[in-house]
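Working notes, beginning with the structure itself.
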Amino acid sequence: MKTFYDREFSQGKYAAKISDHTHHPILGSFVEQYHLENSPVLEIGCGRGAFQDLVAPYVGMDLSERVAQYLHKPFCCAGATALPFHDNSFEAVWSIHVLEHVPDPERALLEMRRVLKPGGLLFLSPAWYCRPWAAQGYAVRPYSDFGLKGKAIKASIPLRNSLIFRAGYVIPRRLGRLISAWLGGKQAGLKYKELSPNFEIFWTDDADAVNSMDPFDVIAWFSLRGDQCLNKHTLIRKLFVGTGHLLFRINK
């Protein structure tokens, strides 16, 4: 995995300009709203450091040491499941389009909670619902590339991507988990689906994703630990949460 990202960064991938990055204004507003300009902040999966100047005491961390040359703020090469920082080190942590690339996302979330100070803020924006067909490029390759089974998978993508189809199984599953929690059912760890990534050919976005997560399950995981989801605070908003970032206040 590390070899793949070293190669991708050296070839110019994951290299959005600051002005082009869709999260730059969102993170800027987050920093301003919570007055984080002079607070210690950690970015997990910093890439080329597009957000490093949003706060003064910034630390960037990435699996690839190739990105260090692009940062003028402190940088650490490490993985998200073993953060090399003391407990309660940061006022805020943010991670953009990273968690879907972590083989053990629950371990990564535990590490994020550990290094955050009590009352600290966690801004999470992974790619939710990564598709199992992305790794082999079914959506972008021609039908002639596939056998009968592959053609059937490709033909099914528009239906499987439709909002009505997805809501038909996502909402009942979420309701089932809510009812189970209300009835005192046993709470397991973070629920996610493992994916088979493609580290050879980057056919399309999330071809390299190793897991697929439902944001509802991530909210539930934090809620069980007493944390607050600040931007999805009502039951209805949690039940119908879609794509986009989640913001948590960590209570420990």
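The values are calculated or read from the model by the stated rules, or taken from the named source; none is laboratory data. For clarity, every value in this text was computed on a predicted model and none was experimentally measured. A quick note on method: Cβ atoms are made from the backbone with ideal geometry, for glycine too, and the neighbour counts reach across all protein chains shown. These accessible areas exclude ligands, DNA and RNA; they are computed on the full protein's heavy atoms, side chains included. Shrake-Rupley method; radii C 1.70, N 1.55, O 1.52, S 1.80 Å.
Tabulated data for the structure shown
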read-out: Residue under evaluation Tyr129, criteria (1) on the phi < 0 side of the Ramachandran plot; (2) touching a residue at least 24 places away in the same chain (Cβ under 8 Å); (3) out of contact with any Pro (no Cβ under 8 Å at 6 or more places or on another chain), criterion not met; value: (1)
read-out: Among the candidates Asn251, Asn231, residue that is open to solvent by 40 Å² or more (accessible area, probe 1.4 Å), outside any helix (DSSP H, G or I) and at pLDDT 95 or above; value: Asn251
read-out: Condition check for Arg225: basic (Lys, Arg), in contact with a Phe, Trp or Tyr (Cβ under 6 Å, 6 or more places away or on another chain) and touching a residue at least 60 places away in the same chain (Cβ under 8 Å); value: no
read-out: Filtered residues of region 183-197 (kept if part of a loop (DSSP other than H, G, I, E, B) and open to solvent by 40 Å² or more (accessible area, probe 1.4 Å)); value: Leu183, Gly184, Lys186, Gln187, Ala188, Lys191, Tyr192, Ser196, Pro197
read-out: Hey, Glu200 in contact (Cβ under 8 Å) with a residue 12 or more places away in the chain and either closer than 25 Å to Leu27 by Cβ or open to solvent by 60 Å² or more (accessible area, probe 1.4 Å) (or both) or not; value: no
read-out: Filter result (within 15 Å of Val98 (Cα to Cα) and open to solvent by less than 10 Å² (accessible area, probe 1.4 Å)) within region 16-45; value: Leu42, Glu43, Ile44
read-out: Number of the exception - Ile219 against (1) on the phi < 0 side of the Ramachandran plot; (2) part of a loop (DSSP other than H, G, I, E, B); (3) without any contact (Cβ under 8 Å) to a residue 40 or more places away in the chain; value: (2)
read-out: Failed item, numbered, when Leu122 is tested on (1) open to solvent by less than 60 Å² (accessible area, probe 1.4 Å); (2) free of Cβ contacts under 8 Å to residues at least 24 places away in the same chain; value: (2)
read-out: Subset of region 53-66 that is open to solvent by 10 Å² or more (accessible area, probe 1.4 Å) and either of a type in the set (Ser, Thr, Tyr) or in contact with a strand residue (DSSP E or B) (Cβ under 6 Å, 6 or more places away or on another chain) (or both) - its residue that is nearest to Gly28 (Cα to Cα); value: Val59
read-out: Residue match in region 140-147 (condition: under 19 Å from Asp208 (Cβ atoms) and touching a residue at least 24 places away in the same chain (Cβ under 8 Å)); value: yes
read-out: Pick from region 111-161, criterion basic (Lys, Arg) and in a loop (DSSP other than H, G, I, E, B), ranking: nearest to Phe51 (Cα to Cα); value: Arg131
read-out: Lone unmet requirement of (1) open to solvent by less than 60 Å² (accessible area, probe 1.4 Å); (2) hydroxyl-bearing (Ser, Thr, Tyr); (3) in contact (Cβ under 8 Å) with a residue 24 or more places away in the chain for Ser180; value: (3)
read-out: Considering residues of region 67-110 that are of a type in the set (A, V, I, L, M), assigned to a helix (DSSP H, G or I) and farther than 21 Å from Thr3 by Cβ only, the residue least open to solvent (accessible area, probe 1.4 Å); value: Leu109
read-out: Residue match in region 195-210 (condition: closer than 18 Å to Leu109 by Cα and touching a strand residue (DSSP E or B) at 6+ places or on another chain (Cβ under 6 Å)); value: no
